[in-house]
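The values are calculated or read from the model by the stated rules, or taken from the named source; none is laboratory data. Nothing here was measured: the structure is a model prediction, and the numbers come from that model. FYI the Cβ positions are ideal-geometry reconstructions off the backbone, even for glycines, and counts take in every protein chain you see. What goes into the accessible areas is simple: the full protein's heavy atoms, side chains included, and nothing from ligands, DNA or RNA. Shrake-Rupley method; radii C 1.70, N 1.55, O 1.52, S 1.80 Å.
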Amino acid sequence: MFQYIFKRLLLMIPTLIGAAILIFFVLRLIPGDVCELRLAGSGLYADPEQIKLCRDNLGLNDPILVQFWDFIFGFLTFDMGESMWTGRAITYEIGLRFQLSLQVAVMATLVAIFIAIPLGTISAVKQNTWIDYFVRAFSIAGIAMPSFWLGIIIILGLLISTQAMFGEPWMPPIQYVSPFEDLWANLSQLIWPAVATGYRYSAVATRMTRSALLEVLREDYIRTARAKGLVEKLIINRHALKNSLLPVVTVIGIEFAFLMGGLVVTEQVFNLNGLGKLFVESVLNQDFTLTQALVMVVVTVFVFTNFLVDICYAWLDPRIRYA
Amino acid sequence: MAVTTEAELEELATKASWYDKLKVFMRQQPLGAIGGGIVLLMVLMALFADFLAPYDPELNAFEFMLVAPSWEFILGTDQFGRDLLSRIVYGARTALFVGFTSAFIGSFIGLVLGVGSAYFGGKIDLIFQRVMDIFMAFPLIIMALAVVAIFGTGIQNVIIAITIPFIPRCARVVRSTALSIREIPYIDAARALGYSHIRIILRHMVPNVMAPFLIMITAFVGQAILLEASLSYLGLGVQEPTPAWGLMLQGGAEEYAESAPWVAVWPGVAISLAVFGFNLFGDAIRDVLDPRLRSQ
Amino acid sequence: MKYAALKYATAFAVGTVMAVGMSATPTKAASDEKPKMGGVLNFVVGSKIPSYDGHVETTFGMVHPIRPFYSLLIRVNPNNPSSPTDFVCDVCEGDVPAGADGGKTFTFKIRKDIKFHDGTPLSAKDVVATFKKIIFPPEGVASSRKAFFKMVESVEATDDYTVEFKLKFASGAFIPAVATPFNFIYSKKDLDEKGYTWHRKNINGTGPFRFVQHQPGSFVEGKKYENYHFKGQPYLDGFKAISAPKMALRLQAIRGDRAAIEFRGFPPKARDDLVKALGDKVTVQESDWNCVLMVTPNQKKKPFDDVRVRKALTLAVDRWGGSKYLSKIAIVKTVGGVVFPQHPLAANKDELVKLAGYGTDIKASRAEARRLLKEAGQEGMSFTLNNRGVDQPYKVVGTWLIDQWKKVGMNVTQQVNPSPVFYDILRKKKNFDVSIDFNCQSVINPIADVTKFLGSAGNNYGQYDDPVLEGIYDKLSRAESVEEQRKYMREYETRALSDQAHLGVTLWWYKINPHRSYVKGWKIAPSHYLNQSLDNIWLDK
């Protein structure tokens, strides 16, 4: 087992290095740079001398390999450097957003679980009935609606309905408050994006619950339980559900990794100051150092989640270890 | 799947008449049939856009700005006085073009790479796997953002942006199926007979991975349509004045969601329905083609 | 390049002559209500803060949240911000000085009762250190508006409370340049002890508000500075500048009262929605805006080297019709030439209609355009329009232009690019057919701003060389009376926009600021950079 874990760990290294090389050179291929944008972006008179100075100061005029070495060396020593746009430490910039992204990801995952497991179970138990069809249609609708569209409808719906009910329009707060400071304000902001995202991500988990449960329901021991005359409800809850959860948990785990770095659009709609918004801004600002760091963080989270999933499977199914 | 269903599927496979097959499919997969209906409708809309659209979708007519749905403009007009129905109909063409092109190219490259990697195995497979890992690790939308930032916007670049992330996803699924086929003795036999690599791959391995491949394509088309809409929302997608659903939402949905809700509603409905249709249809195809895959 | 910068500087010179000539008449503070004290102003900002250093940055994303922490030497009159020529003292005393010694010496008396937020008293030394950093930055120190001060020879403190600027040549460029809202007064002590980059991440000013905190990407918070040098001000207890990059969200924020105001501007429909939803709880202020989008044909590329083709481009555009309809969906409205429409130097309607593309009979214009295209052998020509990936007003105007051009048989594809790519094509690669370009300045100064149309200007991307136009500009910049300036300005305008059609001016922007009615005291300015110290705002709650 330890040998397997070690081997799996080693395999992460080339992926990370490859990702670092890819993102570094991809960014350098994008035309223009942060200085041009910063000094000339708003249409005021821009002094070419100043743009050159800005490039010098940020090291953008250094040879490309020197820049690359700085990046790799920084990454290896956990020193990500400073954002080219704000000049602040990247660890600070990311840390600030991490809390919010983590909270939304956790909340959205909870919402997804609360939707997926009951719906998936009902759907499996009532397989090929109209209830099953309805549940499946409902969960697929979640993937089908563009998330920004759903977001706009939620906010506008809140504004219009609260004005109709209370006379004054209400909308969720637009700035983040830590849950330890003011739990109510925090939740009233984050619950909406969490529901919108959770609903969306529940679709895959619902389908997984359904098919995993269907599989288990055909197993011998369930037939035995039925033959013993156990109540159907008990069979489902006690035996079947428990045994079909593993693949569901895996799916949710992988989705979670995506949520941490992938809420790009939803964060825009709800004005959440999270990693996704930071990413879009850093790309649009041509903030190379920050973009690189963010991609590396997202990739690392993803690779590590995959690693954990693999280890879990290997632990459960010894055959994998020797494959 | 219930025993009766399997029997019926058996029946489905042996029966000759496509009409009977269709009937069985509709009875067994009512959701899939609905999805298929939506897809068919879209395809028809895209093919016959020139006949169906009452107006030129790109024609500005400022006298008719933001007209509510009426007999003259069945779905209303947008901020440039362009007929929304015409834009939705032509938008189906854009959506399907982006959707199918990127799904086909992406899955085809994925298919070639996946099968090749599984066939050759060893070091090639290991290196290839790591490369795919790298691409997989980049979240889809981030990958697309980078491509658009480099090549600029425009329909062909949107297709590239959407295609790239599909490749590793398809390659991975195809590879794992192909790996199991590789172990089957007849591949060894073919090799012993001295057949070329290309021939073995094309004649013996590719046909056997077609089921997951087809399933993948249907899933990708829906995803591609949605991705195009998201890219347009971020201002990186198809550009004005091309009629495209995501683009219609981006400019209109935010500004006119309240004062002229039809501008925001119809393209949103069109996108949702299309993705919904492709997903339902894809699920049904998955069930029919390969019952084992349901659990993946 | 140097030539262009010098021109830019001399241009300002004439500006002041005119400023005096126009003799601004400050309107008295519009509201007779007595300001109420207290309250916190929440406002939304659609752009981001790169650093806090005003001397380096150029974005309103920095001005809106950071400007309230600082003072300027002089500023646009906060009670009369719509006047392009009304400047008043901020940390100086009395009236804005007129130039002595033939306009070559400006002496500012500094107020004695001003303290920085850290308690250090402000003296002439601080003002001098600030302007030395802006005008004569040491090697390697960035200063974005250094070129504005080309005419300055020296800046010295003659005593603790007197600052004297000596100019190389008389230049009215000087006063508007000093009033630029980016020239925050820093403390000499900070510059000496903490270095020239300290102000990027730290704040210590003499403005009406003290810095409390900044959560990057989220908000900036300020609280009232009790020792502010305008006694009784600020009226607010504090402010919070909340970052919200999506326009729809900024609008909803005002509607849901998460924010009271946004200082940049909203599209017309957004205003209508707010008014409809909130009635008299929302007040709308509107103004012409010192920004304009231009069509720039690349004259190094065929067929745009042919003046007939360029002329057809501008003739095809129905500006008067566009003004009527486009102003309902975009933040553009006013038909104008090369000069900000409200300015005395701007062309009036009679003068405008004589220019190609400004005629009121659009059918005749388009027939002429078709004729020119035919003559040039370019009927049904196709080209690509390079545009910036920003909705308002770039993409809206771009889509409108394409339709206008279609009406004379041109087949145009729009290539909308993210800002960095857009700039790269416009400024570095210069391989576009036709590009959208824009001019957007803070303090209005037509004679300086119109250098944009000179082929030799650093911010002109049309790639042409027009000695005749340069010649007219030389005369314009030397003209002394307003009449003479107007005459040359018309000549310049006709040459640039009509005879040669180097650039095509579209519609001037129109600033619409709907805000919660309880926000009082703030007056709209013709630029989103101006009048942002917030010291005269109060809340009627």
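Could you give every pair whose Cβ atoms fall below 7 Å, whose first residue belongs to the stretch B:55-69 and is more than 10 Å from chain C (Cβ to nearest Cβ), and whose second residue is part of a loop (DSSP other than H, G, I, E, B), counting only separations of at least 6 or pairs across chains?
Within 7 Å, the pairs are B:P57/B:R82; B:P57/B:P243; B:F64/B:G81; B:V67/B:F73; B:V67/B:G76; B:A68/B:G76; B:P69/B:L75; B:P69/B:G76.
Select from the stretch C:257-270 the residues that are more than 7 Å from every other protein chain (Cβ to nearest Cβ), within 15 Å of C:S517 (Cα to Cα) and more than 20 Å from the chain's Cα centre (by Cα) and write down the one among them that is surrounded by the most Cβ atoms within 10 Å (Cβ to Cβ).
Applying the first criterion (more than 7 Å from every other protein chain (Cβ to nearest Cβ)) to the stretch C:257-270 yields C:257, C:259-266, C:268.
Now drop any that are not within 15 Å of C:S517 (Cα to Cα), which leaves C:257, C:259-263.
Now restrict to residues that are more than 20 Å from the chain's Cα centre (by Cα): C:257, C:259-260.
Numbers: C:D257: 16, C:A259: 26, C:A260: 24.
By that ranking, first place goes to C:A259.
Test of understanding: among B:G91, B:G99, which residue is under 30 Å from B:W71 (Cα atoms) and open to solvent by less than 10 Å² (accessible area, probe 1.4 Å)? Talk me through it step by step, then tell me what you get.
Values: B:G99 fails: under 30 Å from B:W71 (Cα atoms).
So the residue among B:G91, B:G99 that is under 30 Å from B:W71 (Cα atoms) and open to solvent by less than 10 Å² (accessible area, probe 1.4 Å) is B:G91.
Answer yes or no as to whether C:V284 is within 23 Å of C:Y325 (Cα to Cα), more than 10 Å from chain A (Cβ to nearest Cβ) and among the β-branched types (V, I, T). First the steps, then the outcome.
Numbers: within 23 Å of C:Y325 (Cα to Cα): yes; more than 10 Å from chain A (Cβ to nearest Cβ): yes; among the β-branched types (V, I, T): yes.
So C:V284 passes the test.
Assigned to a loop (DSSP other than H, G, I, E, B) and either on the phi > 0 side of the Ramachandran plot or away from chain C (no Cβ under 14 Å) (or both) - does that describe any residue in the stretch A:185-201? Give the derivation first.
Within the stretch A:185-201, the first condition is being assigned to a loop (DSSP other than H, G, I, E, B), and the residues that meet it are none.
No.
Among B:L236, B:L231, B:L280, which is crowded, with 22+ Cβ neighbours inside 10 Å, within 14 Å of chain C (Cβ to nearest Cβ) and at pLDDT 80 or above?
On the way: B:L236 fails: at pLDDT 80 or above; B:L280 fails: within 14 Å of chain C (Cβ to nearest Cβ).
Just one listed residue meets the conditions, B:L231.
Among C:G337, C:G409, which is within 30 Å of C:A525 (Cα to Cα) and away from chain A (no Cβ under 14 Å)? Talk me through it step by step, then tell me what you get.
On the way: C:G409 fails: within 30 Å of C:A525 (Cα to Cα).
Just a single option satisfies the conditions, and that option is C:G337.
Does any residue in the stretch A:15-28 that is facing another protein chain (nearest Cβ under 9 Å) come within less than 9 Å, Cβ to Cβ, of a residue that is among the polar types (S, T, N, Q) six or more places away or on a different chain, and which pairs are these?
A:L16/A:T300; A:A19/A:T300; A:I23/A:T291; A:I23/A:Q292; A:L27/A:Q286; A:L27/A:T291; A:L27/A:Q292
Can you name every residue in the stretch A:212-228 that is surrounded by 23 or more Cβ atoms within 10 Å (Cβ to Cβ) and small (G, A, S)? Steps first, answer last, please.
Here is the first cut: in the stretch A:212-228, the ones surrounded by 23 or more Cβ atoms within 10 Å (Cβ to Cβ) are A:212-213.
Selection gives A:A212 alone.
Any residue in the stretch A:135-150 that is among the polar types (S, T, N, Q) sitting within a Cβ distance under 8 Å of a residue that is open to solvent by 30 Å² or more (accessible area, probe 1.4 Å)? List the pairs, counting only those 6 or more apart or interchain.
Every condition considered, the pairs that remain are A:S139/A:I115; A:S139/A:L119; A:S139/A:R207; A:S147/A:R200.
Going by what's in this entry, would C:D273 be described as part of a loop (DSSP other than H, G, I, E, B), open to solvent by 10 Å² or more (accessible area, probe 1.4 Å), within 14 Å of chain A (Cβ to nearest Cβ) and charged (D, E, K, R)?
Details: part of a loop (DSSP other than H, G, I, E, B): no; open to solvent by 10 Å² or more (accessible area, probe 1.4 Å): yes; within 14 Å of chain A (Cβ to nearest Cβ): yes; charged (D, E, K, R): yes.
When the stated conditions are applied, C:D273 does not pass them.
Which residues, counting only those in the stretch C:357-388, are surrounded by 23 or more Cβ atoms within 10 Å (Cβ to Cβ) and either part of a loop (DSSP other than H, G, I, E, B) or outside the structural domain of C:Y325 (by TED's automatic domain parsing) (or both)?
If the condition is that a residue be surrounded by 23 or more Cβ atoms within 10 Å (Cβ to Cβ) and either part of a loop (DSSP other than H, G, I, E, B) or outside the structural domain of C:Y325 (by TED's automatic domain parsing) (or both), then C:G357, C:Y358 are the ones that fit.
Keeping to the stretch C:41-89, report how many residues are hydrophobic (A, V, I, L, M, F, W, C), more than 13 Å from every other protein chain (Cβ to nearest Cβ) and open to solvent by 10 Å² or more (accessible area, probe 1.4 Å).
Here the count works out to 4.
Looking for something open to solvent by less than 30 Å² (accessible area, probe 1.4 Å), farther than 30 Å from C:D288 by Cβ, modelled with pLDDT under 95 and not hydrophobic (A, V, I, L, M, F, W, C) - is there at least one such residue anywhere in the stretch C:104-117?
Yes, the stretch C:104-117 contains a residue that is open to solvent by less than 30 Å² (accessible area, probe 1.4 Å), farther than 30 Å from C:D288 by Cβ, modelled with pLDDT under 95 and not hydrophobic (A, V, I, L, M, F, W, C).
So which helices (runs of 4 or more DSSP H) stay within the stretch A:31-135 end to end and still have 1 or more residues that are more than 14 Å from chain C (Cβ to nearest Cβ) and open to solvent by less than 30 Å² (accessible area, probe 1.4 Å)?
Working: elements: A:34-40, A:48-58, A:64-76, A:90-125.
Counting at least 1 such residues, we get A:64-76, A:90-125.
Name every residue in the stretch C:412-441 that is more than 7 Å from every other protein chain (Cβ to nearest Cβ) and small (G, A, S), in order of residue number.
Hit for the stretch C:412-441 is C:S435, nothing else.
If I ask for residues that are on the phi < 0 side of the Ramachandran plot and free of Cβ contacts under 8 Å to residues at least 12 places away in the same chain, which ones from the stretch C:185-211 would you list? Explain how you work it out, then say what you get.
Of the stretch C:185-211, the ones on the phi < 0 side of the Ramachandran plot are C:185-194, C:196-211.
Answer for the stretch C:185-211, where residues must be on the phi < 0 side of the Ramachandran plot and free of Cβ contacts under 8 Å to residues at least 12 places away in the same chain: C:E193, C:K194, C:W198.
Does B:A224 satisfy being part of a helix (DSSP H, G or I) and modelled with pLDDT of 80 or more? Give the steps one after another, and end with the answer.
Numbers: part of a helix (DSSP H, G or I): yes; modelled with pLDDT of 80 or more: yes.
Taking the combined requirement at face value, the residue satisfies it.
Just one of A:V204, A:V177 is open to solvent by 20 Å² or more (accessible area, probe 1.4 Å) and more than 12 Å from chain C (Cβ to nearest Cβ); which is it?
A:V204
Any chance you could count how many residues in the stretch C:150-184 are open to solvent by less than 20 Å² (accessible area, probe 1.4 Å) and touching a residue at least 40 places away in the same chain (Cβ under 8 Å)?
First pass over the stretch C:150-184, keeping only residues open to solvent by less than 20 Å² (accessible area, probe 1.4 Å): C:151-152, C:155, C:162-163, C:165, C:167, C:171-184.
This time we only want the ones that are touching a residue at least 40 places away in the same chain (Cβ under 8 Å), so: C:151, C:162-163, C:165, C:167, C:171-184.
Final tally of qualifying residues: 19.
Go through (1) touching a residue at least 40 places away in the same chain (Cβ under 8 Å); (2) closer than 30 Å to C:P97 by Cβ for C:I242 and report which single condition fails.
(2) is the only condition that C:I242 fails.
Conditions (1) of a type in the set (D, E); (2) out of contact with any helix residue (DSSP H, G or I) (no Cβ under 9 Å at 6 or more places or on another chain); (3) open to solvent by 10 Å² or more (accessible area, probe 1.4 Å), marked per residue:
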position: C:L476; (1), (2), (3): no, no, no
position: C:E483; (1), (2), (3): yes, yes, yes
position: C:Y488; (1), (2), (3): no, no, yes
position: C:R495; (1), (2), (3): no, no, yes
position: C:H502; (1), (2), (3): no, no, no
position: C:N513; (1), (2), (3): no, no, no
position: C:S517; (1), (2), (3): no, no, yes
position: C:P526; (1), (2), (3): no, yes, no
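From the list C:G321, C:G279, pick out the single residue that is part of a helix (DSSP H, G or I), outside the structural domain of C:D465 (by TED's automatic domain parsing) and open to solvent by 10 Å² or more (accessible area, probe 1.4 Å).
On the way: C:G321 fails: outside the structural domain of C:D465 (by TED's automatic domain parsing).
Answer to the selection: C:G279.
Scan the stretch C:431-451 and give yes if some residue there is among the charged types (D, E, K, R), in contact (Cβ under 8 Å) with a residue 24 or more places away in the chain, assigned to a helix (DSSP H, G or I) and open to solvent by less than 30 Å² (accessible area, probe 1.4 Å), otherwise no.
We begin by selecting, within the stretch C:431-451, every residue among the charged types (D, E, K, R); these are C:433, C:437, C:449.
Add one more test, that the residue is in contact (Cβ under 8 Å) with a residue 24 or more places away in the chain, and what stays is C:433, C:437, C:449.
After this cut, where a residue has to be assigned to a helix (DSSP H, G or I) as well, the list is C:449.
Next, from what is left, pick out any that are open to solvent by less than 30 Å² (accessible area, probe 1.4 Å): C:449.
Checked against the condition, which is being among the charged types (D, E, K, R), in contact (Cβ under 8 Å) with a residue 24 or more places away in the chain, assigned to a helix (DSSP H, G or I) and open to solvent by less than 30 Å² (accessible area, probe 1.4 Å), the stretch C:431-451 yields at least one hit.
To keep it simple, each residue is scored yes or no on (1) assigned by TED's automatic domain parsing to the domain that holds C:T59; (2) closer than 28 Å to C:N387 by Cβ; (3) at pLDDT below 85; (4) in a helix (DSSP H, G or I).
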position	(1), (2), (3), (4)
C:I472	no, no, no, yes
C:S477	no, no, yes, yes
C:E480	no, no, yes, no
C:R490	no, no, no, yes
C:T494	no, yes, no, yes
